[in-house]
Amino acid sequence: MTKSIWKFIGGIFSLLLVTLFLLPAKNDTLPSQAERLTNNNRSFSAIDNSSTGIDGDIWVSELVIPTNSPPITELPTYKPEFYLDREINPRLNLSGLTDKDIAYPGGILGGVDPLLKSQQKSPAATDLAFLTPILNFNGQGFTNVNPPDTVGDVGPNHYIQIINGGGGGIMKIYDKAGNTLAGPTALDTLGTGACANGLGDGIVLYDQMADRWMLSEFSGSSNALCVYISNGANPVTSSWYAYQFNTPNFPDYPKYGVWPDAYYVSSNENSPAVYALDR
């Protein structure tokens, strides 16, 4: 009789245990559905910087609303240190050492390469030589920031160059004769919020499909990519749409590509990260 009671109690306990595992909690969903809901609700602007996300997770953000920025000509002009905007004397040696004072690996002393004379005697490879440049003019001067991360792109009527400055990217707009049309201007004067504090690694691309210009740098006060799209084909007179895309980690060394369906971005965030910005 005692064994029967214990068997009955054991059966009831097993049934309750199985039911506990089979029945979901009130707010539970299937894993795949939960991932989809999570992906649809995650936003560039809502990501906590401490969040690591799910490995391999692919998600769509909420709409990122841009702010409007005035034309470059209406923004403050960046004023570099006057003594930096010049050609550096190659004989200037701040360390006080000469090449001959430096011993390189293998016991080689500094100075003129002993193979230079042999190279000078070689015939010029005329079929591989560079063609004469159509246009050659000075870009922006040194801003005392290394590396300058110089980038530029050319459109139908303009050339835009961006270099690193002490407070982020510095842009300058030229015509195709090398004349300055606007700038130098700090990129972060186009931004608001975290993008009002730029840090550099500027990018400039001319979007041939839309006849628009795209500028970008990362923020110095947040894990954010600051993206600026011109409102017209002329980067001098156009206003700008300013976007702030927050990323889970610091988006170092960003690289952009223009594609028919999106602007694609890769960055170094401890591991490679890729984003597609809907056009």
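Read-outs throughout are calculated quantities, based only on the coordinates presented, and are distinct from any laboratory measurement. It should be emphasised that the depicted structure is a prediction, and the values quoted were computed from it without experimental measurement. Cβ atoms come from the backbone with ideal geometry, glycine included; neighbour counts cover every protein chain shown.
Points to keep in mind about this one:
- Taking L205, L199, L187, L63 and counting other C-beta atoms within 10 Å, the order from fewest to most: L63, L205, L199, L187
- Charge context of G168, other residues only, Cβ under 15 angstrom, K/R +1, D/E -1: -3
- Close amide H partners of G198, meaning residues 5 or more places away or on another chain with modelled amide H under 5 Å apart, are D188, G220.
- Sorted by Cβ density within 10 Å, fewest first, the residues D261, D207: D261, D207
- For I134, net neighbour charge (Lys/Arg +1, Asp/Glu -1) across residues whose Cβ lies under 14 Å away: 0
- Size of the range 161-279: Rg and Dmax of its alpha carbons, in Å, are 13.7, 42.
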